[in-house]
Each structure stands twice: as structure tokens, then as C-alpha cells.
1. Can you compute the helix-only [θ] at 222 nm over the protein assembly as shown? Use -39500 (n - 2.57) per DSSP H run of at least 4 residues, normalise by all residues, nearest 500 deg cm²/dmol.
2. What angle do you read, to the nearest 10 degrees and between 0 and 90, between the alpha-carbon axis of helix B:312-323 and the longest principal axis of chain B?
3. Using a 7 Å offset from the Cα along the Cα-to-Cβ direction at both residue A:56 and residue B:12, what is the distance between the two label points in nm, to one decimal?
4. How do B:454, B:265, B:335 rank when sorted from fewest to most other Cβ atoms within 10 Å of their own Cβ?
5. Only Cα pairs under 8 Å and at least 6 apart count here; give the relative contact order of chain B as a rounded whole percent.
6. Can you tell me how much longer the chain between residue B:24 and residue B:396 gets when fully stretched, taken as 0.36 nm per residue apart minus their C-alpha distance, in nm with one decimal?
7. Testing the spin-label approximation: label points 7 Å from Cα along Cα→Cβ at residue B:384 and residue B:333. State their distance in nm.
8. With an 8 Å cut-off on Cα pairs and a minimum separation of 6 or more residues, tell me the relative contact order of region B:321-415 in percent.
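Values quoted throughout were computed directly from the atomic coordinates according to the rules given, and no laboratory measurement underlies them. None of these values were measured; they are calculated from a predicted model. Note: ideal-geometry Cβ built from the backbone for every residue, glycine included; neighbour counts use all protein chains shown.
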């Protein structure tokens, strides 16, 4: 298998043009953090984005940072810290910005910071046949034209190579606290009700972590509310967040998404290695294999109107069919006419 | 060729005769929205349920009509102004709130539900729908979805796209699809994210699943007044730089303050060069901390007076002046042209002074009331179109304003959309390749170009045959694609 290692956008364009003409199938790779997500697909080459890692512009007063997509998340964090701001993705430092966006991952603090795709204001993408296209704008608000950048977020590199993005960043909360309370989902639900505006309520089979962020006085007020619920229990407090990840040591991890009230049904028989974002409806479920238990989890997710793709280990995305499959196929054909970008990796065999 | 009579009969059969209009008055009424552009249509239909919308799409296709979805018709860019043999599908009779589920923080609503009606219905349960356009008393959720509407409070809460979890869409081939879901992630590309803000060009939104936002426990609204526009604008950047993202930061210049005060009697200082309405919300402790930071930023920039709304009544009054400003300008002249463009916050002063110069050069009155926190300008040109030559001056000034904003690193529109009015400006911000890609997205949803034609993209932007550039023929390219790709 070949390795293509572009240093500039122009080299990405050349590489994709060449791949399309020669019918060479490529996988776009950033920090290799999301390699397991997606259906297995055969490829002839990898396109590494990691040399496209420059800061293009950052003005803290605009709350917008423009970076090349191969920039590591840790480097972006460091740059934004100078403006006392953050891009709330909470991905490992070696992940790339483009990789996190293409994989459609979100922060455990999603309850407060929202889905990561909402932070992408503008994107430059090289299509499968080597056209550089841009959508969006470098302003926090914009409704000019179709939001193509929404399509590439979560597209697993099947529509184009994300080469540059403008990100909406936010002030770093001046105060952060994490309170740990024994209990599972039910305790999580009570804490979500009792605590106003938490950043996260992460429930696991044995312990619930409540993450609080904001102004010091505000966080104090939230903490008091949390402690009122937790007082009777053996609660503790301290960094980091999240500190309890029981799903991490299993060979297969699925990331299930269901309506928030569906979490108890989803996790009823999901074993003892899960963590769920209460109020959001995301759950990471650790499994020993990709066989029966994964099928059972997916069946429950489907019954609740959700999905359960695997993000680590074998198992792929699952059987769910995207809505309007014809529209999906026409989009794929328009952005990748030769079908060279990770063919078959995406939902619906795209 | 469109067969209007046959389409009318089929629609009357499907929807009932009372729900289809074709008389000249109706056709004239629905030939425009709140923009300055006038078009024309051949039929107007008022679906009451999903099946009616499906029938509209089916019948329009069968009889060669284009489809123009319309909510309350408050759009300011001509997105709902029909052109040609158009069936206008008015969703205002689909106005039920279908389901409110606090446990999932969501509600399902029909597209004709009015924005403020939804907010009022949710309030007793402790929630709101965060986007709050100035037209919220009359604009519909379907319209909000189609324009990706903003409003004063999207500074902290985000635009409509951030508050729409799913949409049920009737595509032009009359199929019904749900994009997005009640779950936080879904299988497939984010077609929801593309439909939101697509100005009715991809399909007809027949229902929307919206996110519920908890009402903040505490709110503080402040009026800050300044003796110079520069100090006022600098305060906006200083607030953001201090780490505070207020719920809203609205700026009004002297011209609009005088007009609004005459109308609303909100106690606005009419001798100020510019004022800011700043709102902070959250837990009481957070409100206190943010208010302190806002005051410090304002004092550092020579604020003359800070007035804090003492109670809900005073708060409502401060907002009344702001939200009724566009009506109040009727005092200045009978017509107005309201602009909408976005620039980096740091460029606000520079662009504003440019706007004043442009208006002066064209002998027009300009006033400004806008979402300063977002850098979202709304220069408002007042005029009397009955005076010959005036409209031409307005249009010339408008184009200069658009170019000024783009040159400052901004964008064509922050919340009103492109519609008909700005489509020919699209090449100012997008390359041919960008526009072709956008045309491809559009034709992926609507291969026959039946949905709201002539909107958003400039004439000539087409989803080209890219395979030719690769030296492949179409048949060869098709072989590389999953089965069923070509429809």
C-alpha cells in the first residue's frame, strides 16, 4: 500500500486528481484515532494530512480560529490557551482537527458545548477528483449558500479531504469541578434534574461524574445543588474528567446514540463496561467481541430510533440505512465521481 | 408545459377546494414576500397535514409546476418570492405543536407554528426555543428552518441550525424523508444540516424536531449609552475579549434610537451617538459575574450611563424599542431596504463609517440597528420609492454596502439568506468550483430543478460534468459508483 504525504493543499489536489484518473482508492488519515470507525474497505493508498498543520489565523476577540486540518488537537489547544479559549472537542492531543471533524466525534461535555459539527464555520475540502471547494465563512454567523461543511463533518473521509477549517471557539471556563457520586443511570438522571446547566453528567454502572464549568460563583452554586443530592451518598470531588471509563479496556467499543430518555432501555442488558452521557443520549459500550452482544445492542438502539457504530475494534457501523439513500449516492457521485475515497466505508455502502 | 387548470383540479380534489387559490388577488398577494422583489405564481395551496404536502409535490411534478414553500412570508431576501409557473405551498395552516418531550429536551412542531407561539407554549414548562428573530411574533418555524434564522440571542445560543434535531421533508419526487433524528447522532451524511438554511430549494419541511433550551433562572438587561459610535463598537469587542459571551449584544445608532423612542417610549437616550442593549443570563451568580465584566468593558470605553432594567416590565420595554425598530422607521420614509451582512467584530467601526459614507454619497438616510456581538450588520436605507430615481440609488448603495462587507472579510448574509436578492453577489465570495459544488448538492435533492428555482445560486451555476475533466466518459464514471447512483 502506498503512502501519500502532501505538504500543501496543491499537493492534495494533485494527489486526488491522480488517484481519480488512475482509479487508486485512498483512505484519508489524520492522527489515526478513528481508524476503526466505518465499514471495512479496500484501499490502495493512504493520504496523510499531518503535514498540513499550519495556523492560518486566530483572533481571540472574534472567537474564530482558522487552521489547516492536519493540525494536532494538542497544538490547537496550546494556541487557543494563549487567548484563554478552547475548541471543545476533548479528543486526544495526537488526534488531528480534520480527523475529529470527519469522524463526527463529540466532546463528553456536549450537554453544554453542543455537538462538534456546530463549531465548524467554514471548510476547505479537496474532492475525490481534486477540486478545491470552500463553503461557509469566517464569521460566527453566516447563511450564505449551502453548508457543504455540514456534509463533510462525520463523512469519514468519503466525500473529500478536509484541508482547512474555520472553527468557532469559546472562552475557557474560569472554574471547573468534577463531583463523583456512587450510582448508575438513575442517580445520573436525578443529578441532571437537580443541577442547573452542568457540562456533563457521565453515568457508569457504579459511579456518576458531574462536570461543572463556568464562573467560579456559578460553579459553586451548581456544586451546592449537586452536593444536596449527593450528601447522603459517599461522594468525592477532584480532577480529572472523565476519570472513570470502564468501556476503555474492552476490545470492542460501540458509541450508541439514542434519544436521552432511551438510555435505560439501551443499557439494561449491556453488561458492566459502559458510560452514558445523561441528557444527551450518547453511550460508549465496551464489549468482549463484535458478535452477539453487539447485535443485541444495535437491535435495542434501533428499536429506540438510534444507532450503535463501533469506534474501536471490529464491527463497523451497523445495518442502519441512511435516509434518502439516492440523495446520498448522488452526493457521493458529485464529490467523488471516480469513487476513490474509501469506497464502502460509510453508511449504506457508500 | 405547465397545465395549471389540471393542477388546480387535482389540488382541489386532494386538499379541498377551500385550500387552493387561483384568483388574481391571491396570486398578487403571494407573488412576493417581505423583500423588495416581486415575482408571480399560478396557484397557491394551503396544506393542513403531511399528506397534503405530499399531494402538492406530486401534483406540481405531474403538471410541470415549480414548488415554492412559504411560511409567513416575512423573508427579506426574496426566498419565498415565486417566479414563473409556480405553485406556492403555504404552510401557515399546519400550525400544531405535535409533541413536547421535556425528558428528551425536544418538541415536534408543524412548520406553520409561529416562533413566539412556540416560545409561549414552552415557557410554563421551563423551556424556550432559542432562535428569536425580530419578526418572532409572525414568522414561522418552517421559515426559521429554511432561512437558518438568527435573532438577538444567537450570540450565546447559536442559530436555528443548532436548535433543529430533525426535519421531515417532502422531496420534489413526493417522497418523505426524515433527516436527523431524536438521537444525538444518525446514520448518513448530515442532510439535516444542509436542509436547514436551504431556503426551500431542497424540499418542503413538513415537520421539525426542535431542541428545547431551559429558560435561564436569571436575566439582566442593560442599556449602555455612548457619545461616539467608536466607543460603542469597541465595547462590543472588549466584552468578548474579557471572556464573556452575553446572551445578546444589540447596537443601535442615533437615527434608529430616535425613531424607536418615538414609537416605543422605552426611555432611550436620544442624544446618544449609539447605544448597546446587553443581556446576560444564567444562574444568578453567573449573571452577576458577567454583568460586572460588561460594566468594566463599557467604563473602559467611556460609557456615559448604564441603565439596568429593574424588573421584567422594564426589560420588556427595552426590548420593545429594539424589536419594533423596523416598524418605527416608517416615520422617516414610507419604504425601507433592510440589509444583512456579517463582518468580523473588529471591523464594525470601519464598516459602519463606510456605510454612512455610501448613504451620504447616494443622498439616502441610513440607520443601523444590529446584532453587534455577532458582527451582523443591518444597515437600513429609508426612502420613498415614488420619487423617480430613488430605487435605483437604493440599489446602487446596497451593492456598495455588500462589497464593503465582503472586502472587510465578511459574508453576504448573516441571517436573512440569499434568496433572489443576493444570488448574483455569490461570486463575490465563492469560486466557480464552490458554486458548482453547491449546485451539485442542490441537484442531489432535486435533480429536475423543481424546488424554488432561481434562488440562492446565481444563474449559470450548474452541477457540471466533472468526469469530463478526468478524461473519463460518464459510463466509465458510473461503473465506479455504487449501484443506483444515477437516477
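1. Taken over the protein assembly as shown, the calculation gives -9000 deg cm²/dmol.
2. 60 degrees
3. 5.6 nm
4. Ranking B:454, B:265, B:335 by Cβ neighbours within 10 Å, fewest first, gives B:265, B:335, B:454.
5. Normalised by residue count, the contact order of chain B is 14 percent.
6. Once the chain is fully extended between residue B:24 and residue B:396, it gains 130.7 nm.
7. 1.0 nm
8. So the answer I get is 38 percent.
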